[in-house]
Structures are given as structure tokens and as C-alpha cells.
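The values are calculated or read from the model by the stated rules, or taken from the named source; none is laboratory data. Here the structure is a predicted model, which is why all the values come from computation and not from measurement. A quick note on method: Cβ atoms are made from the backbone with ideal geometry, for glycine too, and the neighbour counts reach across all protein chains shown.
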Ligand code: SF4
Ligand code: FES
């Protein structure tokens, strides 16, 4: 049986030597069950040890192996090589500065998470003797999908708005903020909605839906952005009925109902 080979065309960039990224080709003998990451690891181990790429868990959990494969953001440890032809082009994720070869600088992406206050906010912390914050399976189900994000950055890389407006919060950060807004234990929706009504946040989204198409965890960040738009408007309209001072950390009834699905 003849061994199958694929040509990997890999973007290389050494900031100490190269003025601009260049491409280098490698012939890789591949196995039928290999993922794209296996091909890159073969290059690193057997052909060219100078190749830099990032990975860790190899099981679609850590989110570190995102790269462009044939022009699309891909989680390379999950992406089967068999779905590509004889040539596989691998490049660093779009919309990020490149550190070296396939490794991107992720600080700006991570920084944006802070803006949506991704933690449980309450008006008054519960005393230990008052017991735990209970949550029903239905209440968990309400935000669970948005909590499955592994920070792989594929959605951010696919987003055309991020490409044009680097200040845009981006789908992952908005989905994270929405996850806390939908959590029955959280009381910070008014504060986050204020952030979501600001410039470069949910209303900057043009609903291209690319983010949800590339998400390997089915978080559906586009749905989170859209729901956040509606909630931010409802919250703004409700503020004319409930004075603003009372709205901070005490949510309008409409917001509470959204978290529990009450009609
Ligand atoms: S929302 Fe999906 S694509 Fe975006 S960072 Fe999270 S897991 Fe990755
Ligand atoms: S190596 Fe961890 S998600 Fe791919």
C-alpha cells in the first residue's frame, strides 16, 4: 500500500530575520486518522524543528491550536486532514498580530474580556450561613451554551467587523458577557447592558454570522450578540419606568424574566 503524502504550505515569519511573512512547503507522509495538528507536529519533529506553533491538549479543550487552514479559522487538533486535498495551507489566525510563524499575540483579545465584567455581580454578598446560591437545571440550561467557550479565538479571527474596526469587542467577549447576564445568580445585567450600549460593542455587529459558523463548541456567539442587542434596548426602555439609580445591580423585571424564561 503506497503511503499518502500531503504538501503543507506553511506561513513562516521570524521577526529577527524576515521583513514579511513567507511560505514554506513540506511533504508530509500522513495517516488516515490524522488531524491538521498531527501534520504540523510531524514537520516540527521530523523535518524542521524551527517551526513555531501553539497547541496543548490535543482534544479540543484548551483552545490553543487555532490557525487558518486553507483560509478558514480552524481548531487544528479537531480538524481532520482527510477533509483536505493534496495541499494544505496553514497560516496564523487572521485579525491578530503575529509573534512568530503560526503563533499570534493574544493579549488584545484577552484584554477585551475584562470590559464585560465576566464574573457574578450581586448587590450584596450572601453570608456563608445563608447557604449556597441554588440554581435549577432550567436556569442552568438558559446560559449553559454560552459558557462552553474555550477561548480559541476562531470567532474573533473570522469576524469581518474586528478586521475593519480593531476596537470592536468581538463575538467571544460579548458571548461571555451575555453568559453572565443570563445567569440567575447574577445581578449585574444593568451594568453590562450599559457597556453593551456603548460604542464598538453589540450594535457594531453587522450579523455576518461567520463567528457562529467557525465556532468548534457551538457557543453560537452571533445569537449571543443578537440577544444582547435586544436586552440592551429593553433595559434602556425600562429605565424610563424604573429610575436609573435603582437599576444598577437591581435588574428590571424584564431582565429577571429573561433569565428564567418567565412569560
Ligand atoms: S465563542 Fe466559540 S469560536 Fe469564539 S472563542 Fe469561544 S469557543 Fe472559540
Ligand atoms: S490543542 Fe487544545 S484545543 Fe487543540
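Between residues in segment 102-116 that are in a helix (DSSP H, G or I) and residues that are at pLDDT below 95, which pairs lie under 7 Å by C-beta distance while being six or more apart or on different chains?
none
Are any residues in segment 72-95 within 16 Å of ligand 2 (Cβ to nearest atom), closer than 13 Å to residue 40 by Cα and assigned to a strand (DSSP E or B), and if so, which ones?
Matches in segment 72-95: 75, 80, 90.
Here is a yes/no grid of residues against (1) surrounded by fewer than 20 Cβ atoms within 10 Å (Cβ to Cβ); (2) more than 26 Å from residue 95 (Cβ to Cβ); (3) over 17 Å from the mean Cα position of the chain (by Cα):
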| residue | (1), (2), (3) |
| --- | --- |
| 186 | no, yes, yes |
| 190 | no, yes, yes |
| 201 | no, no, no |
| 209 | yes, no, no |
| 233 | yes, yes, yes |
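Considering only segment 101-114, state which residues are crowded, with 18+ Cβ neighbours inside 10 Å and either farther than 16 Å from residue 154 by Cβ or within 15 Å of ligand 1 (Cβ to nearest atom) (or both).
101, 104, 106, 109, 112, listed by residue number.
Check segment 53-62 and report whether any residue there is at pLDDT 95 or above, more than 16 Å from ligand 2 (Cβ to nearest atom) and in contact with a helix residue (DSSP H, G or I) (Cβ under 6 Å, 6 or more places away or on another chain).
Scanning segment 53-62 turns up no residue that is at pLDDT 95 or above, more than 16 Å from ligand 2 (Cβ to nearest atom) and in contact with a helix residue (DSSP H, G or I) (Cβ under 6 Å, 6 or more places away or on another chain).
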